[in-house]
Amino acid sequence: MRTLSRWEPFGRTTSLEDQVNRLFRDVFERNTEQSSLTAWAPSVDIYESAHELVVKADLPEVDPQDLDIRVENNILTIRGERKFEKKVNEENYLRVERAYGSFARSFTLANTVNSEAIKADYQNGVLTLSIPKKEEAKPKQIRVHVGSPAVAASAAGR
């Protein structure tokens with residue numbers, strides 16, 4: 001027994017359009033996934049205290065010898081590389097989501113920091129940069145004297 005189907009002259013056009021859209025979507029999504037796995041930038045937290053600026057970067061499994069930290073023209077740049085682990089044969093991997101390869105992060109520093117005295121510490125996969133502020137940029141407390149202005153003015157004139 002045969003089933004009847006309704007003839008729609010524009011039905012195939014919509015289907016062809018859907019197929020073309022799906023083709024482009026698949027190609028662009030695949031390229032986006034591949035590019036996100038090949039290029040990476042470590043996550044960074046930056047905070048300020050009264051005496052310094054602190055930069056913390058997540059760099060798990062990055063050898064400290066592979067880090068290059070520089071300040072040029074008030075721009076702090078952290079460069080490095082996370083190398084792919086060769087202990088396991090690449091064919092044995094079922095999934096690789098962590099990014100590997102070279103990275104670089106750059107941040108503009110304020111003129112209030114002393115870039116000559118930056119200290120770098122690497123512990124448990126976290127790079128911590130302590131950037132002290134210049135003396136003139138540190139907050140200064142101003143003491144308040146209690147008394148009437150007339151008394152203070154006459155005391156200053158004596």
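The values are calculated or read from the model by the stated rules, or taken from the named source; none is laboratory data. The model shown is predicted, which means the values in this text are computed figures rather than measured ones. Neighbour counts are summed over all protein chains in view; Cβ atoms, including those assigned to glycine, are modelled from backbone coordinates with ideal geometry. These area figures cover heavy atoms from the full protein model, side chains too; ligands, DNA and RNA do not enter into them. Shrake-Rupley method; radii C 1.70, N 1.55, O 1.52, S 1.80 Å.
Screening the candidates P132, P60 for the property of being at pLDDT 80 or above, of a type outside the set (A, V, I, L, M) and outside any loop (DSSP other than H, G, I, E, B) yields one hit, P132.
All of T77, T108 fail the test of being under 30 Å from K140 (Cα atoms), at pLDDT 90 or above and either open to solvent by 60 Å² or more (accessible area, probe 1.4 Å) or not charged (D, E, K, R) (or both), apart from T108. Against the list (1) modelled with pLDDT of 85 or more; (2) open to solvent by less than 60 Å² (accessible area, probe 1.4 Å), the condition A99 fails is (1).
Scanning segment 50-64 for residues that are more than 26 Å from N114 (Cβ to Cβ) and either without any contact (Cβ under 8 Å) to a residue 12 or more places away in the chain or open to solvent by 80 Å² or more (accessible area, probe 1.4 Å) (or both) gives a single hit, E61. Residues that are touching a helix residue (DSSP H, G or I) at 6+ places or on another chain (Cβ under 9 Å) and outside any loop (DSSP other than H, G, I, E, B) within segment 114-129 comprise A120, Y122, L127, listed in sequence order.
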